[in-house]
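The values are calculated or read from the model by the stated rules, or taken from the named source; none is laboratory data. Since the model is a prediction, treat every value here as computed from it, not as a measurement. Don't worry about glycine lacking a Cβ; one is built from the backbone with ideal geometry, like all the others, and counts go over all protein chains shown.
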Amino acid sequence: MAHTITTDEIVAAALGLLEAKSVLGSRVWRDAESSFIGGVGDEVTVTLPTVVEAKLKDDGKNIDYSDLNEQTFKVKLTDHAYNAIKLNERQMNFDIRNFGAQVLTPQASGVAKHCEKAVTGILNKAIEGATEEITKDAPLAALAKVSAEMTAREIDEDGRVLAIGPDLKEAFLALPELQNAAFAGDANVIQNGSLGRVLGFEVVVSPFVKGGAVAFTREAVALAVRAPAAPEGASGASNTHNGFALTTVRQYVVDQLSHVNVVQTFVGATALDTNRMVPLKIATGGGGGDTRKSKA
């Protein structure tokens, strides 16, 4: 007897896979909504909580009240990311575990790639306008300077991320600080795009970051994800999980005598707080040196 997988099970599994496959998308501010009525070109509102400064109590005086004002930003949905796969009868009889491994994983990976490109579009624009530089032969010198600058801006030490591309990956992999962590069996090293922590920054690699690096915290960039409403006349579900949103649709296409599984969502990104972002461009002629000479 065939195992029947519900669309609710499919969208839940796909959302978990989408989160697992996202590198930069998992490290920025995310805002998700399911059953979205709209499309590419629409602007959606993203809310970012603010810090309310504490005040000092003066003896004999009434206290002052503060307003709890949340910041709102408009994000334009620029992409309709989807993946559609035809399924044969054998695949239709998978249980949810095998269906997730053989069908949903490649589909979620494709959608995650579009989320990554939306975020790196913001980061690459910042790199293009960067005034600070990073060299391949001594990347820690630039990172130490960035760390001091972010502290001067009163940005918390927790949650700092350094996004780099393939052109800087070799330089960071050769750092003794990362090599020692890998040899020591640090489970956080080289997982989900992360190379480990250096000078308080989690160093993550994305193939879509070009020409430099960006230090940031999650409040610097917003990723808006809107899952369209499930269509009528087909088996579908739309849901959110941990800042991501997806819609899945399963349907039998009569004229092709095949089953189809679709995952889709609308994606957009924008800069929220450029004070929480420090871009670095690769110095001209700054490559080719022995990165192992870098010292913390």
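Restricting attention to the stretch 115-141, which residues are assigned to a helix (DSSP H, G or I), over 14 Å from Phe216 (Cα atoms), small (Gly, Ala, Ser) and more than 16 Å from the chain's Cα centre (by Cα)?
Ala141
For the stretch 237-260, what are the residues that are over 28 Å from Thr72 (Cα atoms) and at pLDDT 90 or above? Outline the logic, then answer.
To start, the set of residues in the stretch 237-260 that are over 28 Å from Thr72 (Cα atoms) comprises 237, 248-260.
Listed by number, the residues that qualify are Ala237, Thr248, Val249.
Can you name the condition, by its number, that Val75 falls short on among (1) aliphatic (A, V, I, L, M); (2) in a strand (DSSP E or B); (3) modelled with pLDDT under 75?
It is condition (3) that Val75 fails.
Would you confirm, using the coordinates I've provided, whether Thr120 is surrounded by fewer than 22 Cβ atoms within 10 Å (Cβ to Cβ) and of a type in the set (Val, Ile, Thr)? Give the steps one after another, and end with the answer.
On the way: surrounded by fewer than 22 Cβ atoms within 10 Å (Cβ to Cβ): no; of a type in the set (Val, Ile, Thr): yes.
Judged against the criteria, Thr120 is not a match.
Going through the stretch 63-78 one residue at a time, which ones are buried (at least 17 other Cβ atoms within 10 Å of the Cβ) and either in contact with a Cys (Cβ under 7 Å, 6 or more places away or on another chain) or not polar (S, T, N, Q) (or both)? First the steps, then the outcome.
Taking the stretch 63-78 and keeping what is buried (at least 17 other Cβ atoms within 10 Å of the Cβ), we get 73, 75, 77-78.
Once the filter is applied, which keeps residues that are buried (at least 17 other Cβ atoms within 10 Å of the Cβ) and either in contact with a Cys (Cβ under 7 Å, 6 or more places away or on another chain) or not polar (S, T, N, Q) (or both), the stretch 63-78 yields Phe73, Val75, Leu77.
Considering each residue of the stretch 195-210, count those that are in contact (Cβ under 8 Å) with a residue 40 or more places away in the chain and not in a loop (DSSP other than H, G, I, E, B), and give that number. Show your work before the answer.
Within the stretch 195-210, the first condition is being in contact (Cβ under 8 Å) with a residue 40 or more places away in the chain, and the residues that meet it are 198-210.
Applying the additional criterion that residues be not in a loop (DSSP other than H, G, I, E, B) yields 198, 201-205.
Number satisfying all stated conditions: 6.
Residues of the stretch 225-269 being of a type in the set (S, T, N, Q) and within 18 Å of Val40 (Cβ to Cβ), which ones? Can you show your working first?
Within the stretch 225-269, the subset of a type in the set (S, T, N, Q) is 235, 238-240, 242, 247-248, 251, 256, 258, 261, 264-265.
Once the filter is applied, which keeps residues that are of a type in the set (S, T, N, Q) and within 18 Å of Val40 (Cβ to Cβ), the stretch 225-269 yields Ser238, Thr247, Gln264, Thr265.
Would you mind stating whether Ala101 is closer than 29 Å to Leu195 by Cα, free of Cβ contacts under 8 Å to residues at least 12 places away in the same chain and in the same structural domain as Val263 (by TED's automatic domain parsing)? Outline the logic, then answer.
On the way: closer than 29 Å to Leu195 by Cα: yes; free of Cβ contacts under 8 Å to residues at least 12 places away in the same chain: yes; in the same structural domain as Val263 (by TED's automatic domain parsing): yes.
Answer is yes for this residue.
What are the pairs with Cβ atoms under 8 angstrom where one residue, in the stretch 9-22, is within 9 Å of Thr248 (Cβ to Cβ) and not assigned by TED's automatic domain parsing to the domain that holds Ala112 and the other, located anywhere, is among the acidic types (Asp, Glu) and in a helix (DSSP H, G or I)? Sequence gap at least six, or different chains.
Between residues of the stretch 9-22 that are within 9 Å of Thr248 (Cβ to Cβ) and not assigned by TED's automatic domain parsing to the domain that holds Ala112 and residues that are among the acidic types (Asp, Glu) and in a helix (DSSP H, G or I), there is no close pair.
Inspect all residues belonging to the stretch 218-240 and state whether any of them is within 21 Å of Asn88 (Cβ to Cβ), assigned to a strand (DSSP E or B) and touching a residue at least 40 places away in the same chain (Cβ under 8 Å). Write out each step before concluding.
To start, the set of residues in the stretch 218-240 that are within 21 Å of Asn88 (Cβ to Cβ) comprises 234-236.
Filter once more, keeping what is assigned to a strand (DSSP E or B): 235-236.
Still in the running and touching a residue at least 40 places away in the same chain (Cβ under 8 Å): 235-236.
Yes; the residues of the stretch 218-240 include at least one that is within 21 Å of Asn88 (Cβ to Cβ), assigned to a strand (DSSP E or B) and touching a residue at least 40 places away in the same chain (Cβ under 8 Å).
Quick check on Val103: is it modelled with pLDDT under 90, within 18 Å of Thr265 (Cα to Cα) and part of a helix (DSSP H, G or I)?
Details: modelled with pLDDT under 90: yes; within 18 Å of Thr265 (Cα to Cα): yes; part of a helix (DSSP H, G or I): yes.
Yes: the conditions hold for Val103.
Mind listing whichever residues of the stretch 143-163 are in a strand (DSSP E or B) and crowded, with 22+ Cβ neighbours inside 10 Å?
Of all residues in the stretch 143-163, those in a strand (DSSP E or B) come to 161-163.
Those that are in a strand (DSSP E or B) and crowded, with 22+ Cβ neighbours inside 10 Å: Leu162, Ala163.
Table: residues versus (1) under 22 Å from Glu132 (Cα atoms); (2) out of contact with any strand residue (DSSP E or B) (no Cβ under 7 Å at 6 or more places or on another chain); (3) buried (at least 16 other Cβ atoms within 10 Å of the Cβ).
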{"position": "Val198", "(1), (2), (3)": "yes, yes, yes"}
{"position": "Phe201", "(1), (2), (3)": "yes, no, yes"}
{"position": "Phe216", "(1), (2), (3)": "yes, no, yes"}
{"position": "Leu223", "(1), (2), (3)": "no, no, yes"}
{"position": "Ser238", "(1), (2), (3)": "no, no, yes"}
{"position": "His241", "(1), (2), (3)": "no, yes, yes"}
{"position": "Val253", "(1), (2), (3)": "no, no, no"}
{"position": "Thr265", "(1), (2), (3)": "no, no, yes"}
